[in-house]
Amino acid sequence: MVLSHDASCYIDWFRQDIIPAFAPAWHYGHLFDDVLPALRKRGVTEAQVDAMLVANPRRYFSGPAA
């Protein structure tokens, strides 16, 4: 599993005044401000967080082992 920031800094698909109504956490801090604390509260370990944020993306983007 890999966690990522899936929010754009600006989106023009919707009027700016309605975005907070359906996506109140649409910002770059959501992963670190909301998602990770919620995972930790539910027992996800730092090793598992490291795997999702560092080890798994590194393995994926490094390509096949030579």
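Based on what the data block shows, is residue 60 modelled with pLDDT under 85, over 13 Å from the mean Cα position of the chain (by Cα) and open to solvent by 80 Å² or more (accessible area, probe 1.4 Å)? Spelling it out, it is not the case that residue 60 is modelled with pLDDT under 85, over 13 Å from the mean Cα position of the chain (by Cα) and open to solvent by 80 Å² or more (accessible area, probe 1.4 Å).
For segment 21-44, the set of residues classified as of a type in the set (Lys, Arg) and open to solvent by less than 40 Å² (accessible area, probe 1.4 Å) is empty.
The values are calculated or read from the model by the stated rules, or taken from the named source; none is laboratory data. Because the structure is predicted, anything quoted here is derived from the model rather than measured. Please note that ligands, DNA and RNA were not included when accessible areas were found on the heavy atoms of the full protein model with its side chains. Shrake-Rupley method; radii C 1.70, N 1.55, O 1.52, S 1.80 Å.
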